[in-house]
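Notes follow the structure.
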2 protein chains.
Amino acid sequence: MSNSLRLTVPDGVPFIDFEREFDYPVADVFRAHADPALVAQWLGPRGTNIEIDHYDFRTGGSYLYHHTGPDGVSYAFSGIFHTVRKDDFALQTFEFGGYPDVVSMEFLTFEDLGGGRSRLRAHCVYPSLEARDGMASSGMESGLSEGYERLEELLASTAKASEGATL
Amino acid sequence: MSNSLRLTVPDGVPFIDFEREFDYPVADVFRAHADPALVAQWLGPRGTNIEIDHYDFRTGGSYLYHHTGPDGVSYAFSGIFHTVRKDDFALQTFEFGGYPDVVSMEFLTFEDLGGGRSRLRAHCVYPSLEARDGMASSGMESGLSEGYERLEELLASTAKASEGATL
């Protein structure tokens with residue numbers, strides 16, 4: 001439970017900050033963000049289907065994907081990777097198709113905690129307090145929580161498969 | 001004088017907003033932002049030299065340029081164009097090489113005012129109040145003022161050249 005998501009919505013400034021620890025090395029957590037075939041297996045809450053149009057996790061790359069929820073409604077998300085540094089840092093823009101031009105930035109820091117553990121920290125920056133408040137009340141916290149649980153499960157199954165392979 | 005820059009640094013939120021009118025059509029002002037050969041003639045304060053590494057003003061494009069001031073010191077500026085819509089809107093990230101990873105967003109709106117006039121509005125979003133305050137006290141206002149005066153002079157000389165051509 002110590003790995004649970006801690007999300008902060010500070011008063012008066014258009015930010016959302018969160019962090020999450022993982023019982024996996026930073027390289028594994030980074031790779032789960034870098035490889036679209038892995039991203040497709042964890043990004044978003046449980047019960048959603050993701051269809052990745054493109055996802056080019058490198059400095060200057062861009063992404064577009066669609067999430068379809070249990071109700072069959074589909075949402076587009078797109079942005080650009082301003083900076084990507086392996087096992088260290090990523091900065092991307094983020095736009096939800098339902099609110100065109102209301103674009104935010106996500107600063108993601110990947111930290112090695114030693115002992116095969118790591119921490120992900122995020123600083124999200126919105127163009128207005130209203131946009132931030134809208135995002136905070138959109139189910140972002142539960143969506144992120146479930147997504148990172150899925151990421152952990154994915155890393156667990158990958159690790160298990162590797163162990164199996166060495167038997 | 002009615003065309004002078006109006007810049008606002010609001011209390012407590014990490015934004016800088018500014019607007020500037022031009023006695024030129026929106027298409028001209030947009031083109032001065034879109035064509036790197038024109039950008040090189042006005043972007044930055046007087047007395048600076050700009051060297052454009054690349055400047056690809058389209059959705060998903062990126063830019064990198066260096067400004068060299070009268071003291072010979074060179075500064076890198078880089079970012080990515082999240083959105084570009086002709087004669088209407090551009091959203092870009094902005095990073096000054098002196099403060100790596102302190103990236104901001106600039107929302108630029110190009111408005112047709114009729115009668116051959118136009119307005120440029122900008123909403124700049126910083127990842128912290130400290131970053132915003134640092135930018136506001138860096139000579140941004142005078143740099144922008146002089147840059148847009150140069151842009152206006154450039155459009156004046158272009159218009160004059162066109163008139164000459166039709167004689």
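The values are calculated or read from the model by the stated rules, or taken from the named source; none is laboratory data. What you are looking at is a predicted structure, and each value in this text was computed from that prediction instead of being measured. A quick note on method: Cβ atoms are made from the backbone with ideal geometry, for glycine too, and the neighbour counts reach across all protein chains shown. Heads up: the accessible areas ignore ligands, DNA and RNA and are worked out on the full protein's heavy atoms, side chains in. Shrake-Rupley method; radii C 1.70, N 1.55, O 1.52, S 1.80 Å.
Cβ-Cβ contacts under 6 Å between residues 6 or more apart (or on different chains), taken from a first residue in the range A:52-75 that is within 16 Å of residue B:81 (Cβ to Cβ) to a second residue that is among the β-branched types (Val, Ile, Thr), are listed as A:59/A:83; A:59/A:84; A:62/A:80.
Could you tell me which residue of the range A:91-102 is surrounded by the most Cβ atoms within 10 Å (Cβ to Cβ), considering only residues that are of a type outside the set (S, T, N, Q) and closer than 14 Å to residue B:127 by Cβ?
Out of the qualifying residues, it is A:91.
Of all residues in the range A:87-108, those satisfying the criterion of being more than 8 Å from every other protein chain (Cβ to nearest Cβ) and in a strand (DSSP E or B) are A:90, A:92, A:94, A:96, A:104, A:106, A:108. Residue count for the range B:9-23, restricted to those that are away from every other protein chain (no Cβ under 14 Å) and open to solvent by 40 Å² or more (accessible area, probe 1.4 Å): 3. Among the residues examined, residue B:45 does not qualify as part of a loop (DSSP other than H, G, I, E, B), farther than 25 Å from residue B:127 by Cα and away from chain A (no Cβ under 14 Å). Residue count for the range B:54-86 satisfying the condition of being within 13 Å of chain A (Cβ to nearest Cβ) and of a type in the set (Asp, Glu): 1. So, of the residues in the range A:1-35 that are in contact with a Pro (Cβ under 8 Å, 6 or more places away or on another chain) and in a loop (DSSP other than H, G, I, E, B), which turns out to be farthest from residue A:132 (Cα to Cα)? It comes out as A:13. Within the range A:108-154, being in contact with a Pro (Cβ under 6 Å, 6 or more places away or on another chain) and either open to solvent by 40 Å² or more (accessible area, probe 1.4 Å) or without any contact (Cβ under 8 Å) to a residue 60 or more places away in the chain (or both) holds for A:129, A:146.
If you go through the range B:38-90 and pick out every residue that is in contact with a Pro (Cβ under 9 Å, 6 or more places away or on another chain), farther than 17 Å from residue B:147 by Cβ and buried (at least 20 other Cβ atoms within 10 Å of the Cβ), you end up with 1.
If you check B:18, B:22, B:30 for being under 26 Å from residue A:124 (Cβ atoms), touching a Ser or Thr at 6+ places or on another chain (Cβ under 9 Å) and of a type in the set (Phe, Trp, Tyr), only one passes: B:18.
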